Every structure is written in structure tokens, then in C-alpha cells.
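The values are calculated or read from the model by the stated rules, or taken from the named source; none is laboratory data. All values derive from a computational prediction rather than experimental measurement. Neighbour counts are summed over all protein chains in view; Cβ atoms, including those assigned to glycine, are modelled from backbone coordinates with ideal geometry. Accessible surface is based on the protein model in full, side chains and every heavy atom, while ligands, DNA and RNA are left aside. Shrake-Rupley method; radii C 1.70, N 1.55, O 1.52, S 1.80 Å.
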Amino acid sequence: MNTKFKKGFTLVEMLISISILMLFLGVIAGSYIALTSANKSANDTQKIYREIRNVFDVLAAEIRSGQIDYSCINELCIENNGKRSIFKFKNDQILVAKQFTDFQPITSENFKIDDFSFKIFPLKNPYDAVNAADDFVQYQPSVTIFLKTHGQEFRTTYSSRSYGKNLKTT
């Protein structure tokens, strides 16, 4: 028998080291794919919340600075110093018309809303003279907004900060 040591790796050693390397690379690649997928999901969620925040900010500014017009039936109408804003839901978009202009979307073009509704409380105008003696109507007017998009539901309530101004009633 030859007692000299030969330099190098045997085939079995090479196969084992390549297998360990491939296993390690597989774990690294799987982690990278999971990380990029989580990052994309977080970015998509962030875009949804940014759009929702924009919608709520626009509605909050209008509702807080104006007075709810109780004469509207299917839209949300806000009077502010003689100027009227009308909000409605159509074709997966929330639209607004200010002072008799055409309706314009308040969300970006590719952002689709599944459902949009609102509830006004109290149901009758508390500043109308006919309701002055009705204690069940004498509450600060508020609007609760319900919005559904991408399988998520959002709800918030804003109250009008316009105190005691009378709207024309029909």
C-alpha cells in the first residue's frame, strides 16, 4: 500500500459539498422570494391606505367646513358659504361636483372602490325651524362614511362644524 497522501477531493466529498451548497442556496433563494413578495404586498397595502386616506381627507374637509344639505337624497351634499359640493358613487369611483361643475373622481383612475355609502345623523335638519322643538333631532349633524375596497371595509364619522346656520328647505 502506498502511504503517500494524495491532494484533492474525492467524488463523494465533492457531491456532499455541492449538495450542502445547493441546499444553502435554496434556503437563500426562498428567503429572497418571500421577502420580495412581502415587500410587494406591503407596498400594495400602503397604496390602498394612501387612497383611502385621501378620500377621507377630502370628505372630512368638506363636511367639517360646511353644513350638511338635508335636501339631497342619494348623494352627499355639503353647503359651504353658498357653494355646494355633491359626492356620489358611480362606476367604482367616488365623484365630486363643486358649485355645479362636472363630476370628477377623487381617487386615482386605477383605484377601484367596491362600495361606498353614508348615513347622516340626525335624519332631519336640526337647524330647520320645524324641528326646533323636537329633542330627538337636536344633535350636531354628522356623516358616517362606509367604504369597501380590495376586500377591506373602512368606516369613519365626521361632524359638521357649522353651528346653527339655516339652509333653505323645501
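With springs connecting C-alpha atoms under 10 Å apart, model the chain as a Gaussian network and identify which of A60, A34, A97 has the largest mean-square fluctuation. Highest fluctuation of the listed residues: A34.
Of the cross-linked pairs K47/K88; K47/K124; K47/K83; K40/K98; K40/K119, those separated by over 30 Å at the C-alpha level are K47/K124; K47/K83; K40/K98; K40/K119.
Computed from Cα positions, the angle between helix 11-65 and the longest principal axis of the chain comes to roughly 10 degrees. Compactness of the chain was expressed as the Cα radius of gyration divided by 2.2 N^0.38 Å, which yields 1.97. Among I48, A38, S71, pick out the residue whose Cα is farthest towards the positive end of the charge dipole of the stretch 1-115, where Lys and Arg carry +1 and Asp and Glu carry -1 on C-beta, about the Cα centre. Going by the charge dipole, the pick is A38.
Working note: 222 nm ellipticity from helices only, DSSP H runs with n ≥ 4, each -39,500 (n - 2.57), summed and divided by the residues of the chain, gives -12000 deg cm²/dmol to the nearest 500. Close amide-amide hydrogen proximity is noted between G66 and R161, each under 5 Å apart and 5 or more residues distant or on a separate chain (H modeled in the peptide plane; Pro and chain starts excluded). Using the Karplus relation 6.51 cos²θ - 1.76 cosθ + 1.60 with θ = phi - 60°, the per-residue 3J(HN,Hα) values for the stretch 130-138 come to 5, 9, 4, 8, 8, 5, 6, 9, 7 Hz, with x marking Gly and Pro. Under 5 Å between amide hydrogens, built in the peptide plane, is the criterion, and for T156 it picks out I145 among residues at least 5 positions away or on other chains. Here the dipole of the stretch 62-170 is about 220 debye; that uses its Cα centre as origin and unit charges on the Cβ of Lys and Arg (positive) and Asp and Glu (negative). Here the Karplus relation 6.51 cos²θ - 1.76 cosθ + 1.60, evaluated at θ = phi - 60°, turns the backbone of the stretch 91-102 into coupling constants of 6, 6, 10, 9, 10, 9, 10, 10, 6, 6, 8, 5 Hz, with x for every Gly and Pro.
Between the residues T144, N81, F111, the greatest Cα displacement towards the positive end of the dipole of the stretch 53-170, with unit charges on the Cβ of Lys, Arg, Asp and Glu, is found for N81. Looking at the stretch 63-170, the GluC sites (Glu not before Pro) that sit in a DSSP loop and have at most 12 other Cβ atoms within 10 Å of their own Cβ are E109. Taking amide H as placed 1.01 Å from N in the peptide plane, H150 has its amide H under 5 Å from the amide H of D114, each at least 5 places away in sequence or on another chain. Each residue of the stretch 103-114 was assigned a 3J(HN,Hα) from its phi angle through the Karplus curve 6.51 cos²θ - 1.76 cosθ + 1.60 (θ = phi - 60°); the sequence is 6, 10, x, 9, 10, 5, 4, 8, 9, 9, 9, 6 Hz, with glycine and proline shown as x. Over all other residues within a Cβ to Cβ distance under 11 Å of F100, the charged ones net out to +2, with Lys and Arg as +1 and Asp and Glu as -1.
Only protein atoms count toward the accessible area here, which uses a 1.4 Å probe; on the chain, the carbon and sulfur part of that area reaches 57 percent.
In the full protein context, the stretch 30-170 carries 64 Å² of accessible surface per residue, based on a 1.4 Å probe and ignoring ligands, DNA and RNA.
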